[in-house]
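To start, the structure itself, in C-alpha cells.
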C-alpha cells in the first residue's frame with residue numbers, strides 16, 4: 001500500500017486571503033445586524049409593492065390596460081379604498097375604538113369583582129394590581145414582561161411609515177431594474193438561480209397576501225356579527241382588531257381576544273364567558289378549516305413552523321419582526337427549497353405558492 005502523499009502547506013498569502021474573507025463576511029454580518037430595522041422596513045416596502053403588482057396583475061388579465069396604467073390604477077385603488085373607509089366609517093370606528101379604551105376601567109372593575117369570588121382569582125387580581133403598580137416580582141410579572149416583546153405593533157411611527165410608502169412607490173415603478181441590478185453583484189450562473197428564487201418568492205408573497213387579506217376580511221365580518229349578537233360594546237372596533245390581528249397567525253388572535261373579553265364584563269360575567277367561548281370557537285374554525293382552505297389556493301406554511309418563526313423573530317427583531325415573521329418565512333422557505341433542496345440536493349419539493357421550479 002502506497003503512502004498517502006502529504007498535502008502541501010498553504011502559503012502565507014493564501015491563508016491571509018482566507019482570513020480577510022472571513023473577517024469581511026463577519027463585518028458584513030455585524031453591519032447587517034446593526035441596521036436590521038432598516039432591512040425590515042425595506043421588506044415591508046417590498047410587501048406593499050408586491051400588493052400593488054398583484055392588483056395590477058388582476059387588472060391586466062381582465063382589461064386591455066398596459067402595465068404602467070394598471071400599476072397607477074392599482075395605487076389609486078389601494079389609496080382610495082383606505083381613504084373611503086376612513087371617510088365613510090372613520091367617525092364610527094373612532095367612536096368604537098375610543099369606546100374600547102373608555103370602557104376598559106369599568107370592565108376591569110367587573111372582572112375583578114368576579115375573580116375575587118374565589119381564592120385563585122383573588123391571587124391573580126393581587127398579582128395584576130401589583131404589576132400595574134410596579135411592585136410585582138412574581139412569575140406573572142416576568143411572563144408579561146417577556147410577552148411584551150411579542151405584542152402586535154399598531155403603529156411603528158409616522159416617519160417610518162412614510163419611508164415605507166416612498167420605498168414602496170420606488171420599488172413598484174422600478175421593480176425589474178432593481179432586481180436585475182442586485183443580481184449583477186452575483187457570479188454568473190448563481191445569478192440565474194437566485195433570480196429564479198426571487199421570482200418564485202414574489203409569486204409566493206402575492207399568493208400569501210391574497211390569502212391573508214381574504215382571511216382578515218372573513219374574520220372581521222364573522223367576529224363583528226358574533227359580538228353584535230352577544231351584545232358586546234364597541235363590537236365594530238373589536239371586530240376590526242380581530243381582523244387585523246390575523247396578519248400575525250396564532251399570536252395575533254390570542255391578543256385580540258383580550259379587550260373583547262374584558263369589555264364583555266361590562267355587560268355581565270356570563271357575557272364575558274360566552275365571548276371568550278366565541279373567540280375560541282371562531283379562532284379554531286378559522287385556523288383548522290377556513291385558513292387551510294384558503295392556503296390550498298394561495299401559499300401554504302406549516303402552522304408549527306409559522307409559530308416558531310413568530311417566536312424567534314419576535315425575540316431577535318422585536319415587534320416588527322413579529323409582524324413580518326410569516327412573509328419572511330415564506331421567502332426563506334422558497335429560497336431553501338429552490339437553492340438547497342432542488343439545486344444542491346437534486347430533490348423535488350413544492351414551493352409556497354405552488355409555482356413550478
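Here are some notes:
- For segment 225-252, filtered to residues that are surrounded by fewer than 19 Cβ atoms within 10 Å (Cβ to Cβ) and free of Cβ contacts under 8 Å to residues at least 24 places away in the same chain, the residue that is nearest to the chain's Cα centre (by Cα) is 225.
- Those residues of segment 48-71 which are within 28 Å of the chain's Cα centre (by Cα) and more than 21 Å from residue 200 (Cβ to Cβ), in sequence order: 59, 70, 71
- Selection status of residue 99, modelled with pLDDT under 85 and in contact with a helix residue (DSSP H, G or I) (Cβ under 9 Å, 6 or more places away or on another chain): yes
- Taking the criterion of being more than 26 Å from residue 312 (Cβ to Cβ) and at pLDDT 80 or above, the only residue of segment 144-167 that qualifies is 166.
- Within segment 253-357, helices (runs of 4 or more DSSP H) holding 2 or more residues that are modelled with pLDDT of 80 or more and loosely packed, with under 15 Cβ neighbours inside 10 Å: 269-285, 303-317
- Verdict on residue 209 being out of contact with any strand residue (DSSP E or B) (no Cβ under 8 Å at 6 or more places or on another chain), assigned to a helix (DSSP H, G or I), surrounded by 18 or more Cβ atoms within 10 Å (Cβ to Cβ) and at pLDDT 85 or above: yes
- Residues that are surrounded by 13 or more Cβ atoms within 10 Å (Cβ to Cβ) and modelled with pLDDT under 60, drawn from segment 52-96: 89, 93, 96
- All told, residue 307 meets the bar of being closer than 22 Å to residue 214 by Cα, touching a residue at least 24 places away in the same chain (Cβ under 8 Å) and under 12 Å from the mean Cα position of the chain (by Cα).
The values are calculated or read from the model by the stated rules, or taken from the named source; none is laboratory data. A quick note: this is a predicted structure, and the numbers were derived from the prediction, not measured. Note that we place each Cβ from the backbone using ideal geometry, even for glycine, and neighbour counts take in every protein chain shown.
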